[in-house]
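The values are calculated or read from the model by the stated rules, or taken from the named source; none is laboratory data. Since this is a predicted model, take the numbers as computed values, not measurements. Cβ: placed from backbone, ideal geometry, glycine included. Neighbour counts: every protein chain shown. Only protein heavy atoms, including side chains, enter the accessible area calculation; ligands, DNA and RNA are left aside. Shrake-Rupley method; radii C 1.70, N 1.55, O 1.52, S 1.80 Å.
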2 protein chains.
Amino acid sequence: MNFKEELKQWSQKVDEALDRYIPSSDAYPSVIHEAMRYSIFAGGKRLRPILVLAATQAVGGNTEKVMPVACAMELIHTYSLVHDDLPAMDNDDFRRGRPTNHKVYGEAMAILVGDALQTLAFELIAQTTESFEADRVNQVTLEIAKAAGSSGLIGGQVVDILSENRDIDGDTLEYIHRHKTGALFRASIRAGAILGGATVNQLAALTLYAEQMGLAFQIKDDLLDIEGDEAKIGKPVGSDIKNQKSTYPSIYGIEEAKRMATEAAAEAVNAIKIFNHKAEFLQDIMHFIINRDH
Amino acid sequence: MNFKEELKQWSQKVDEALDRYIPSSDAYPSVIHEAMRYSIFAGGKRLRPILVLAATQAVGGNTEKVMPVACAMELIHTYSLVHDDLPAMDNDDFRRGRPTNHKVYGEAMAILVGDALQTLAFELIAQTTESFEADRVNQVTLEIAKAAGSSGLIGGQVVDILSENRDIDGDTLEYIHRHKTGALFRASIRAGAILGGATVNQLAALTLYAEQMGLAFQIKDDLLDIEGDEAKIGKPVGSDIKNQKSTYPSIYGIEEAKRMATEAAAEAVNAIKIFNHKAEFLQDIMHFIINRDH
């Protein structure tokens, strides 16, 4: 099976699991569950869940049993997008080519949808105690909560908001992305590794991979906003420039940003050499991210 | 020590713990931590944390060690208030006599404050593994996540929003309150009981107490909105009538609502007779709630 097929297969498994874990649209009160499903099944790449599973695979763990935590990462990611799109935040009408949650269900519901997706994430994590030692589950809960909180994902959002319409330096840009995007990547990889039974060395190697991969991902995102194909990325190209957002290309120039992305990707791949063929999929993910066109 | 003094002492201990657990206003990015603290230290009654501690005490557990979970319940409660006050939701400018979070920090920050308070709650719960068996901590995480999620607190909010400006029946009203307020009371009591080492019978008794107490609390809340003293309750009296909100008095009449509250309070007290003097504090809480003037 080639990488694209494997990726598709895992993304389908994640979708099936999400469908099982999220209350059905019939469950009372139905509108919130319908609205939660609307944003979850809007065609995301499932990158974070797949990172969880791939890390578990790399250390020889059981990927089936890690699925609730994999899905939890997607719930947290989606909750942050739903809130990010709100009029008070980025005020985006479209996401992945479809109207954003609040455009369909209204602002009040979109706020509650985000809230409920976050809560469900922690419910799912706690449920994995059926499959793993409880103290390992707690360690993972702690990792994920820290990554999602005011010193992680939310911290990144805050600095991002404070930086709007202002020139920022490279350090601030790095802070934003290391927290807004990087923290969840890192937590996904680490959660999968910890539940999979990683040794200290394995965990350190995978953590380094996650950090460099997150950086490469973000630079690529910024580059796509300049050079990408609008139909493929599902939102208008050039929105960062329009919104006067500082990005890697705007601070470092396009060529240097490309060089930085390539270097980070190389370091990510280098970090996981110790796993040999067991980390082939993680290598492929890195190449996929750096070469994607959406 | 009389009840009022004991209540004050516990509420102070909770405040001290919250102060330790929430990142300081200096912690980067400082504005979110300052804004989180603004709403947490706005003078709440700390009822949910105190219920956690009181339940632990009733079953003979260690109240000190339960403190992170007690504080987690206050964080969840406060996050729901911050989001509830937003313009897209209840659009309230004042809460506990002070401007609401979004009036001070803006809507975007208030959304993130709520998000971060919820995340921190689950971080705190996971941290109690230092003091308790990890599988008990996971059980508590699960209880609290379910109580806070789309089939609990958030479900109640959703039905509340759907019921605005509409006549609703007694069953719908009960659903709203059993979820919007009752679920967190119930989870607080159960979390304290589980961590304190409750037997099955003890847990059942305390659960019944929590459910009846929650009902009495809500009816009393509705009655205060009609008969209360504006200066004491910190918001305009009569706001439910102004907002055409269905309440226990509006559906059942004031006298019947009072009778229902008294009956629920009596059942709550009756449920915890098996604890004898160890549940005196929980009895006093029930009397305090039913007799409060704000």
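Quick look at the values:
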quantity: Pairs with Cβ under 8 Å, 6+ apart, first in segment A:263-276 and in contact (Cβ under 8 Å) with a residue 24 or more places away in the chain, second not in a helix (DSSP H, G or I); calculated: A:F275/A:V59
quantity: Residue count for segment A:15-46, restricted to those that are touching a residue at least 60 places away in the same chain (Cβ under 8 Å) and within 17 Å of A:A72 (Cβ to Cβ); calculated: 5
quantity: Residues within segment A:126-147 that are at the interface with chain B (Cβ under 7 Å from one of its Cβ atoms), hydrophobic (A, V, I, L, M, F, W, C) and open to solvent by 10 Å² or more (accessible area, probe 1.4 Å), tallied; calculated: 2
quantity: Options B:A261, B:A266; residue that is aliphatic (A, V, I, L, M) and open to solvent by 50 Å² or more (accessible area, probe 1.4 Å); calculated: B:A266
quantity: Selection from segment A:18-39 of residues that are farther than 19 Å from B:V158 by Cα and within 17 Å of the chain's Cα centre (by Cα); calculated: A:L18
quantity: Helices (runs of 4 or more DSSP H) wholly inside segment B:1-80 containing at least 3 residues that are open to solvent by 30 Å² or more (accessible area, probe 1.4 Å) and out of contact with any Lys or Arg (no Cβ under 8 Å at 6 or more places or on another chain); calculated: B:3-21, B:30-40
quantity: Residue list for segment B:148-171, restricted to those being without any contact (Cβ under 8 Å) to a residue 60 or more places away in the chain, part of a helix (DSSP H, G or I) and open to solvent by 10 Å² or more (accessible area, probe 1.4 Å); calculated: B:D160, B:L162, B:D171
quantity: Test: residue in segment B:110-125 that is open to solvent by 50 Å² or more (accessible area, probe 1.4 Å), at the interface with chain A (Cβ under 9 Å from one of its Cβ atoms) and part of a helix (DSSP H, G or I); calculated: no
quantity: Considering residues of segment A:93-109 that are open to solvent by 60 Å² or more (accessible area, probe 1.4 Å) and assigned to a loop (DSSP other than H, G, I, E, B) only, the residue nearest to B:I154 (Cα to Cα); calculated: A:D93
quantity: Hits in segment A:83-102 (condition: without any contact (Cβ under 8 Å) to a residue 12 or more places away in the chain and farther than 21 Å from B:G106 by Cα); calculated: A:P99
quantity: B:V159, sole failed condition from (1) at the interface with chain A (Cβ under 7 Å from one of its Cβ atoms); (2) farther than 27 Å from B:N243 by Cα; (3) of a type in the set (A, V, I, L, M, F, W, C); calculated: (2)
quantity: Residue list for segment A:214-232, filter: in a loop (DSSP other than H, G, I, E, B) and open to solvent by less than 60 Å² (accessible area, probe 1.4 Å); calculated: A:G228
quantity: Residue that is farthest from B:Y79 (Cα to Cα) [pool: residues in segment B:172-190 that are within 12 Å of chain A (Cβ to nearest Cβ) and either aromatic (F, W, Y) or surrounded by fewer than 18 Cβ atoms within 10 Å (Cβ to Cβ) (or both)]; calculated: B:T172
quantity: Criterion violated by A:E211 - all others in (1) under 23 Å from A:M67 (Cβ atoms); (2) open to solvent by 20 Å² or more (accessible area, probe 1.4 Å) satisfied; calculated: (1)
quantity: Condition broken by B:A193, with the remaining ones in (1) more than 13 Å from chain A (Cβ to nearest Cβ); (2) among the hydrophobic types (A, V, I, L, M, F, W, C); (3) within 22 Å of B:G43 (Cα to Cα); (4) surrounded by 24 or more Cβ atoms within 10 Å (Cβ to Cβ) satisfied; calculated: (3)
quantity: Matching residues, segment A:244-273, being farther than 19 Å from A:T172 by Cα, part of a helix (DSSP H, G or I) and among the aliphatic types (A, V, I, L, M); calculated: A:A265, A:A266, A:A268, A:V269, A:A271
quantity: Failed condition for B:D85, given (1) among the charged types (D, E, K, R); (2) surrounded by fewer than 22 Cβ atoms within 10 Å (Cβ to Cβ); (3) within 12 Å of chain A (Cβ to nearest Cβ); calculated: (2)
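Yes or no, residue by residue, for (1) touching a helix residue (DSSP H, G or I) at 6+ places or on another chain (Cβ under 9 Å); (2) within 13 Å of chain A (Cβ to nearest Cβ); (3) among the small types (G, A, S):
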| site | (1), (2), (3) |
| --- | --- |
| B:F3 | yes, no, no |
| B:S24 | yes, yes, yes |
| B:E34 | yes, yes, no |
| B:Y38 | yes, no, no |
| B:G44 | yes, no, yes |
| B:P68 | yes, yes, no |
| B:C71 | yes, no, no |
